[in-house]
Every structure is written in structure tokens, then in C-alpha cells.
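Just below is one structure, and these are the notes that go with it.
What follows is calculated from the coordinates using simple rules that are stated; it is not laboratory data. Not measured: the values here are computed from a predicted model. Every residue, glycine among them, receives a Cβ derived from its backbone with ideal geometry; neighbour counts consider all protein chains shown.
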Amino acid sequence: MKKLNLLKTIVDYFWVISLIATPLFLFFVFYLLFTGETLDIPIKINGLEVKTVDLASKIILIFGVFSYLLFLYGIYYFKKLLYLFQLRKIFVDEVVDYFNKIGYVFLLSAILAGIPLFIYKILKNEVNLELGGSPFLYLISLGLFFLVLSEVFKIAKNMKEENDLTV
């Protein structure tokens with residue numbers, strides 16, 4: 001339980017910091033979208049530095065905001081899942097449902113951030129080959145991991161129910 005409490009503390013800390021930073025982030029994004037001025041602040045979207053705020057970069061920025069908000073939504077479900085684990089409710093339908101929702105939300109978040117950025121790089125002729133990981137791959141992997149966990153917990157829940165009936 002110590003590891004679970006540590007994980008819950010870290011996720012809660014991230015959640016509180018995100019709740020504080022998100023309104024500031026949204027204000028800055030809307031300022032960029034409507035004025036087009038960068039205020040001499042270097043802007044990086046998933047590792048790509050935006051030098052001018054044109055229509056394509058605004059679209060990428062909008063997709064990035066939606067991706068970020070979806071990611072926070074997935075973290076919200078993760079917090080709820082950890083709370084159920086603290087209550088020792090492990091093999092219940094809500095756990096399977098939360099794992100499933102987290103997986104799909106993370107996958108959608110990765111797609112909303114990764115694919116428009118890839119198209120933007122193609123349009124700007126900035127496509128390059130990098131060895132190593134990227135946030136897109138990490139988020140896709142995390143989403144698939146939660147979907148697999150959803151299936152594993154569904155099977156385990158059914159096996160537990162069958163075991164409880166035979167006892």
C-alpha cells in the first residue's frame with residue numbers, strides 16, 4: 001500500500017499543479033490565437049519550435065490544447081481508479097471501465113497531438129528521423145497499456161466471480 005499511496009500522492013500533486021497552470025496556459029493560447037503575437041517567448045509544441053504564428057501553427061496549437069485537456073481528463077479517471085484501489089475495490093466493473101476510458105482517452109490525446117503535428121512538419125519540410133522515444137509514441141503505448149489492462153482485469157473479475165460461485 002505504500003507504493004499505491006506514493007503514486008496517489010504524485011498524481012494528486014500533478015493534478016493540483018495542472019489545475020493551477022491550465023487557466024494560465026489557456027489564457028496564453030487564446031492570446032496567441034487572437035493576436036498572433038509571440039511576445040518574444042519561444043514556443044515549442046511537442047518539440048517543434050514555432051517561429052511565426054500563422055494559420056497552420058494556430059491549428060496545431062488548437063489540437064495541442066485539446067490533446068492536453070484530454071490528457072488531464074485521463075488523469076482524472078486515473079485518480080478515481082487509484083481511489084478505488086485504496087478502498088481495495090479491485091475486481092469491480094468500475095475498475096475495468098476506468099481502465100478502458102483511460103486507454104481510449106490517452107489514445108485520442110496522442111492522435112490529436114501527433115497526427116496534426118506530423119502533417120505540419122510535412123508541410124514545412126521539417127520531417128526528420130529521430131531514434132528514441134517521442135511523446136506521441138509514449139502516449140500511444142500508455143493508452144494501449146491501459147486498454148490491455150482493462151481486458152486483463154475483465155478476465156480476472158470474471159474468474160473471481162466464477163471462483164466465488166464455486167465456493
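Counting alpha carbon pairs within less than 8 Å and at least 6 residues apart, what relative contact order, in whole percent, applies to the chain?
Rounded, it is 23 percent for the chain.
Globularity index of the chain is 1.28 (Cα radius of gyration / 2.2 N^0.38 Å, N = number of residues). When exposed loop sites are taken as GluC sites (Glu not before Pro) in a DSSP loop with at most 12 other Cβ atoms within 10 Å, the longest stretch of the chain clear of them is 38-125. Under a point spin-label approximation (7 Å from Cα along Cα-to-Cβ), what is the residue 69-residue 151 distance to one decimal in nm? The two pseudo-label positions are separated by 3.2 nm.
Of all lysines in the structure, the ones whose alpha carbon falls short of 19 Å from that of residue 157, not counting any fewer than 8 places away in one chain, are 80, 89, 101. Our helix-only sum for the chain, with -39,500 (n - 2.57) per DSSP H run of n ≥ 4 divided by its residues, gives a mean residue ellipticity at 222 nm of -28000 deg cm²/dmol.
Helix 135-166 and the longest principal axis of the C-alpha atoms of the chain enclose an angle of approximately 10°.
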